[in-house]
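This report refers to the structure that appears directly beneath it.
Laboratory data are not the source of any read-out in this text; all were calculated from the coordinates shown. Since the model is a prediction, treat every value here as computed from it, not as a measurement. Glycine gets a Cβ as well: all are built from the backbone with ideal geometry, and neighbour counts include every protein chain shown.
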Amino acid sequence: MLASCIMTRGNDPFIDEQNDPVLLDQWHVVASIAELRRGPVRTILLGRRLTVAIRQDQPVAHHADGAAAATMLHLEYVWVCLGQKPARLFDIPELAEPERRVVHAGSFGVRTSPPRAIENFLDLGHFPYVHKDFLGLEPHTEVPPYRVSTEQDGQELFARDCRFFQPRSAANASEGFIVEYVYRVPHPLCAVLYKLNPLDRDRQDVIALFCQPVGPEQVRAHMLVSLLDDTSDDAELIGFQQLIFAQDKPILENQVPLRLPLSPGAEVPVRADAMSVAYRRYLAALGLRHGVIAA
Ligand SMILES: [Fe+2]
């Protein structure tokens, strides 16, 4: 059934990437529960057309020929695995903490490779230029050193002790402050950001980006926010994240090349790019082929 979908693509050079064994065996978000409440969703995952729905509280996904795909409900989304040996799917235990609001902030189509979208999410250096007056402001452009580590047998990547001055870090922020960040990459195409809450600076907001690989140069980026904010309504929380993402979209779509180069030194690293370098190494170690230029 998968072969028939792929054969229609003829001599398309994307074929091997669409059959990347690393991504076939991963679970990928294909739709939010919020979106599915409005009706079935037709979407594309790794070049395959899928129809996704929730029936009697259970997720279902079908290929164009009617064959079923493996599905799971997790973290406000339906996830699909196309492979024969589904990988472990990570959790975000912090979402179960009391007083948190968990909101799907949007699913954004972007003409870039899924790894470029994740790399951009991990980059502090662009804040003062792309998110001026929100996540950064000149002359506060320096990214202080932070710690990068690989954990869980190479399955997860972390950046800790990240600090950055942000004039308006969240919808409920009333003043600028030095925001502390932890980045976690628990899946080759998913990233979770733990960020100091602007009002309760002992606790963290969580922002997660789940990238659905439509194809090597097309992504649907699903954003989940879990915030400690009892003043902003859902529309304000969603509006803030959508404004930030709208600033990133043209930058992502104009990057050259759209595929992420994995060879060391392909794009000159500076200290602020330590997480980017680590992410490329992590993908290379996993053997990812989809949306990258192999080393
Ligand atoms: Fe950004």
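For this structure, a couple of remarks:
- Of the residues making up the stretch 30-77, just one is among the charged types (D, E, K, R), part of a loop (DSSP other than H, G, I, E, B) and within 21 Å of the chain's Cα centre (by Cα), namely Glu76.
- Odd one out for Arg220, checked against (1) within 13 Å of the ligand (Cβ to nearest atom); (2) surrounded by 18 or more Cβ atoms within 10 Å (Cβ to Cβ): (1)
- Screening the stretch 101-117 for residues that are among the polar types (S, T, N, Q) and assigned to a loop (DSSP other than H, G, I, E, B) and picking the one that is farthest from the ligand (Cβ to nearest atom) gives Ser113.
- Remark: Leu157 falls outside the filter, which requires a residue to be assigned to a loop (DSSP other than H, G, I, E, B), in contact with a Phe, Trp or Tyr (Cβ under 8 Å, 6 or more places away or on another chain), away from the ligand (no atom under 15 Å from the Cβ) and closer than 20 Å to Val29 by Cβ.
- Looking across the stretch 142-191 at every residue that is exposed (fewer than 15 other Cβ atoms within 10 Å of the Cβ) and of a type in the set (S, T, N, Q), the one that is nearest to Ala235 (Cα to Cα) is identified as Ser174.
- Exactly one residue out of Pro213, Pro198 is away from the ligand (no atom under 16 Å from the Cβ), part of a loop (DSSP other than H, G, I, E, B) and crowded, with 21+ Cβ neighbours inside 10 Å: that is Pro198.
- Restricting the stretch 281-295 to residues that are under 18 Å from the mean Cα position of the chain (by Cα) and assigned to a loop (DSSP other than H, G, I, E, B) leaves a set whose member that is nearest to Ala159 (Cα to Cα) is Leu288.
- Only one of the listed residues (Glu156, Glu119) is charged (D, E, K, R) and either over 22 Å from the mean Cα position of the chain (by Cα) or over 26 Å from Ile44 (Cβ atoms) (or both). That residue is Glu156.
- Here the stretch 118-150 is the region considered, the condition is being out of contact with any strand residue (DSSP E or B) (no Cβ under 6 Å at 6 or more places or on another chain) and part of a strand (DSSP E or B), and the residue that is farthest from the ligand (Cβ to nearest atom) is Lys132.
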